Structures are given as structure tokens and as C-alpha cells.
Amino acid sequence: MRVLFVTSPGLGHLFPTVPLAQAFRAAGHRVRYATGGLSLAVAEAGFDVVDVTPGLDYLPVYVPQEPGADNSADHPMFADDPEDVELATLFARVSGVMVGGALAAARDWSPDLVVAPPLQGAGQLLAAALGVPLVEPRLGSYDSGARLRSLLRAGMEPHWARHGVTGEPPATIPLTTLPPSLTALLPEDRRTPEARPVRPLPFNGGAVLPGWLAEASQLPRIAVTLGTIEAQWGGLAILRPLLEAACGVEAEFVVTLGGGDPALLADIPPNVRLVDWAPLDLLLDTCAAVIHHGGSGTMLTAAAAGLPQCVIPRGSYQQTGADLLPARGIGIVAEPGTLGATECRTLLKDERLRDNALRVRDEILTMPTPAEMVAGLVTDLG
């Protein structure tokens, strides 16, 4: 069977799909990606990939530039609590620039199955155009329900009409990587009861381990990350209060820059290590806690590691995930300006947080693996 993965141009959208792609390939199926931007990095995981938007700068796609205007003001990528319709408009725009190239790649290769997260609107269109089933892996809490998906479908209507595509895929199978105890805490409109559970296996790329990561830390280690998009768009500056307080905490802090400018962080205390990038799952294996931006991939990687988490939600679809952590008792939420030594000590010393985090880790371990999921999918699809 030929399986075409269609993902948005961001590592947070790409990485969670890779274990499922690896499972398809290990089961003997051919796998190819159709994507663009940062997600072309999937080639480093050994997959064929078609660049559907060669040479395109995605920044103006995410944040359209209007002369003389504050282009970040009230933008859903930065808003504290954006409406679903705003997010649907954003991802319809991102998906829309990918449709033409993705559809051409699909028609050239003739896949038997399309796999695409709900916020990549090109996936549903491709599956309908080719008359093949669609598998929709939910990447976290923000895309778990039907409303956002429906809004995105409506926003993609001009592209369906432009390409003369009608109808729907012959079958759509939703997947979810959220463990049941987190799903139970979602608002009703964020749930998809028929979604099949699949274990979130962390994938963050590979690396030759640097010496400091391969050796045991002398102090409890706290990972600090803002992902890639926020970091590259100036978000690192919000970490200044935390780093100023770090010298008063008996811990080693590892801050991943994610392509951001370290000059935004000013003075760095001696117990803070700056690294441009490190595979998050490997880093968290050496950590006692993690502070992050609230991205679903980061949240689930930390949950799979059984670590207490502190979230500095940076808006967009990260707010829903931030709400889940304190509700489940596995994390706390802090504002950038007040995040300091007290919150760090809570992460390191609160046994309730740690016990709950370990319970969620154990819950994740009971979920079907991607390999088991693929076996079931292939059987059901005939």
C-alpha cells in the first residue's frame, strides 16, 4: 500500500506524525510526505518528501504583512484566547498555499491512503479527489474536536471549487494521542468520541549526543523550551525573568533556543546552559521537570516522560493544553513576568505533581502503539 502523509510546514505538526509513518513503513508499506517549509526535515528521518511550495517564505502566510500596521496584534498565533474561527482562517490560509503542489504530488504517485492532521486542510481535499480513505491523527487537545475541523473545511471551500473536487473521502478514521484521563477533561466541543487511541511515541529527530547530555547531571535538571515558531519570532525575551531567578534555584537549567537570538536573554547565570537544539525526548530523559510554551508535542513528550510541567502559554492553540495540566494535577501555569524560583521549586519538590505525572506516563504506556494501530487500520481498510 502507498501511504501519503500531508503535514503543515512546522515541526510541531510534523514530528508527531513520524512514528506512525515509521510504523507503516516497518509493516512493509511505501510512505511519502507532501509538505513544505520546516517540515521538509522529515527527509532526515529517511522518508521521501515532495516540496509542495519550493522557495516559499511561510512567515507572510502565517502573519500577513500590512504596511503601517502592527501585524502581530490580535493575531491568532499570539492571541491569549483566539476563537476557533480565527484559527480555522489561519490554517485554511496555510493549507491553501499547499493544495496545488500537494494535489499534483498525490496524482503523480497515486496513494492508496492519505494521512493528514485535521488542521492540514489539503489532506481531506486530496483524499476526496483521489477517492481514497483518510486517516486523521489528532496532534493534541486543540484539534481533538469536530468544530475546528468543520470551520477549516468551510474556509477551504474556494480550493475545493478551484480544483473541481466534490464529495468526501470514502472513509475518514480519526486517531487521538491524548490519554483517556486528559481527554475526559476536554470541553465537549474538543472531543471526538470515535477517535482511536494511539500511543504518543516522541520523535524529535536524532543527534550525536554531546558529552553534557550523555553524562548524569550533578543537579536536578529543568528543561526550558519555547519550541521553534515562538522562539524564532522573538519569543525568547519572555524568559528573562526566569533566567534572572534561576541563580537562586539549586538546579541546572537547559534552555533550547530553537533558532532564536540568545542576545534577547541578556545575562546568563552559571547554572543555565543554552543550546540551539536538542532532541526533546532525550533531553527530558535527564530532567526532573520541564518549562515550556504549551505546544501539544512538547506537552505529550513530557507526559510520556512522567515529568511535572510548567506552561507559559503563548496564545494560539496552546491555551487548551495549558488548561489540562493543572486540571489533571501534572503541571502548573505561570505568566512570563512572574515565573521564578517559587514555581521552579514547586516543580522539583511537589510530590503530588510528580506522582500524578507518573500515573499519566503509565496510562500512556497502556495505549496501542503505532505498530498496533497500523495493523488494525490495514485490516479494517481491507
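Counting only helices (runs of 4 or more DSSP H) that fall entirely inside region 298-382 and contain at least 3 residues that are in contact with a strand residue (DSSP E or B) (Cβ under 8 Å, 6 or more places away or on another chain), open to solvent by 10 Å² or more (accessible area, probe 1.4 Å) and more than 30 Å from Thr89 (Cα to Cα), the qualifying elements are 341-349, 370-381. Of all residues in region 184-215, those that are more than 30 Å from Glu44 (Cα to Cα) and open to solvent by less than 40 Å² (accessible area, probe 1.4 Å) total 3. Checked against the criterion of being surrounded by 14 or more Cβ atoms within 10 Å (Cβ to Cβ) and under 28 Å from Val42 (Cβ atoms), the candidates Val249, Val290 yield just one match: Val290.
Give me the pairs, please: first residue somewhere in region 26-51 and more than 20 Å from Val374 (Cβ to Cβ) and open to solvent by 60 Å² or more (accessible area, probe 1.4 Å), second residue anywhere and among the polar types (S, T, N, Q) and modelled with pLDDT under 95, beta-carbon distance under 7 Å, and either six or more positions apart or on two chains. Listed by first residue and then by second, the contacts come to Leu38/Thr228.
Conditions (1) in a strand (DSSP E or B); (2) more than 27 Å from Arg361 (Cβ to Cβ); (3) in contact with a helix residue (DSSP H, G or I) (Cβ under 9 Å, 6 or more places away or on another chain); (4) not hydroxyl-bearing (Ser, Thr, Tyr), marked per residue:
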| site | (1), (2), (3), (4) |
| --- | --- |
| Gly260 | no, yes, yes, yes |
| Pro270 | no, yes, no, yes |
| Ile291 | yes, no, yes, yes |
| Gly294 | no, no, yes, yes |
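So is Gly131 on the phi > 0 side of the Ramachandran plot, without any contact (Cβ under 8 Å) to a residue 12 or more places away in the chain and open to solvent by 20 Å² or more (accessible area, probe 1.4 Å) or not?
no
Mind checking whether some residue in region 154-173 is in contact with an Asp or Glu (Cβ under 8 Å, 6 or more places away or on another chain), assigned to a strand (DSSP E or B) and either over 18 Å from Asp84 (Cα atoms) or open to solvent by 40 Å² or more (accessible area, probe 1.4 Å) (or both)? Looking through region 154-173, at least one residue is in contact with an Asp or Glu (Cβ under 8 Å, 6 or more places away or on another chain), assigned to a strand (DSSP E or B) and either over 18 Å from Asp84 (Cα atoms) or open to solvent by 40 Å² or more (accessible area, probe 1.4 Å) (or both).
The values are calculated or read from the model by the stated rules, or taken from the named source; none is laboratory data. Small disclaimer: the values here were computed from a predicted structure and weren't measured. Reconstructed Cβ throughout: ideal geometry from the backbone, glycine too, with neighbour counts over all protein chains shown. These accessible areas exclude ligands, DNA and RNA; they are computed on the full protein's heavy atoms, side chains included. Shrake-Rupley method; radii C 1.70, N 1.55, O 1.52, S 1.80 Å.
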